[in-house]
1. Which of the residues that make up region 186-197 are within 10 Å of the ligand (Cβ to nearest atom) and either farther than 14 Å from residue 38 by Cβ or under 16 Å from the mean Cα position of the chain (by Cα) (or both)?
2. What is the one condition in (1) in contact with a helix residue (DSSP H, G or I) (Cβ under 8 Å, 6 or more places away or on another chain); (2) more than 18 Å from residue 218 (Cα to Cα); (3) at pLDDT 95 or above that residue 185 does not satisfy?
3. If residue 81 satisfies every condition in (1) away from the ligand (no atom under 16 Å from the Cβ); (2) part of a loop (DSSP other than H, G, I, E, B); (3) under 21 Å from residue 157 (Cβ atoms); (4) modelled with pLDDT of 95 or more but one, which is the exception?
4. Identify, please: which residue in region 29-60 is assigned to a strand (DSSP E or B) and within 14 Å of the ligand (Cβ to nearest atom) and is, among those, surrounded by the fewest Cβ atoms within 10 Å (Cβ to Cβ)?
5. With (1) assigned to a helix (DSSP H, G or I); (2) in contact with a strand residue (DSSP E or B) (Cβ under 9 Å, 6 or more places away or on another chain); (3) within 16 Å of the ligand (Cβ to nearest atom) as the list, and residue 236 as the residue in question, which single condition is left unmet?
6. Taking the condition of being in contact with a helix residue (DSSP H, G or I) (Cβ under 8 Å, 6 or more places away or on another chain) and either surrounded by fewer than 20 Cβ atoms within 10 Å (Cβ to Cβ) or over 11 Å from residue 111 (Cα atoms) (or both), how many residues in region 61-82 meet it?
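The values are calculated or read from the model by the stated rules, or taken from the named source; none is laboratory data. Everything quoted here is computed from the prediction, not taken from an experiment. As a convention, Cβ positions derive from the backbone with ideal geometry for all residues, glycine included, and neighbour counts pool all protein chains shown.
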Ligand code: ASP
């Protein structure tokens, strides 16, 4: 009996190795934990195009929005660890570890990192008819009208929520916030004038700013971005040291065979070197990470340090979600 069990175990291990060696034999899904048409969706589709070239399989993008991205993260955390269901998420995976009291996953142990992907700055934008002209005006206006103005974001734990929380605490104002499943749908309402202002990633705002569909106040990077040269930084507009960079990473479910992770990482690195991807990201104000950061070890270390960085800031701010 014992012998038979041992043989069965050995066969299973052999089968898993073969499956890993052949990987991928069919389409891969990347879960985007926000609505379609938003910044994470845009980043993911660009990366997916590049990765498809080297993996030789279709990559399907699945939008699982809601609860600031935590529903989509949970889906991947509880998927089969075979490399066919991946997650593309951003800084929010680190902040939600402190923002949510009842997460049904641990991002550090239930996911296996593949690599960092891209750093994206954010922009403070508003509906076209919003009165303030520049950052100084905006600060004064929001403080004076805090009972009237509305701030849009993609749920507690999203980048737009984080940026708004930091901005409002910097100017010491509290306003009504309106959560969406992603800043894709939030942008539609902002352009339509249903909400007043929002801080969102350049991957979603560059085209709208250039087309004059929204008002833009400042960018959250320490330096101006080349694709929006006229837009000042928050720092030069008087909010000294105000900076938010939205880093993104790619993960698989914990327990995915190492050889599969290695193949996915090689495909990610190739996608990040693809001149078409680099050019498109530059137009959208994003910068693909250096090759040595697009690795499992770099993402593992980064996630840990980001959770440690944001935890005291969030505790101090006293913001929680259940
Ligand atoms: N990344 C979100 C989205 O794609 C927006 C956010 O995090 O603020 O909609």
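1. Of all residues in region 186-197, those within 10 Å of the ligand (Cβ to nearest atom) come to 186-187.
Within region 186-197, just 186 meets the criteria.
2. So the condition that residue 185 fails would be (1).
3. Residue 81 satisfies all of (1) away from the ligand (no atom under 16 Å from the Cβ); (2) part of a loop (DSSP other than H, G, I, E, B); (3) under 21 Å from residue 157 (Cβ atoms); (4) modelled with pLDDT of 95 or more except (3).
4. Keep residues of region 29-60 that are assigned to a strand (DSSP E or B), which gives 29-32, 59-60.
Pick out the ones that are also within 14 Å of the ligand (Cβ to nearest atom) and you get 30-32.
Details: 30: 20, 31: 24, 32: 26.
Going through the qualifying residues, I end up with 30.
5. (3)
6. 9
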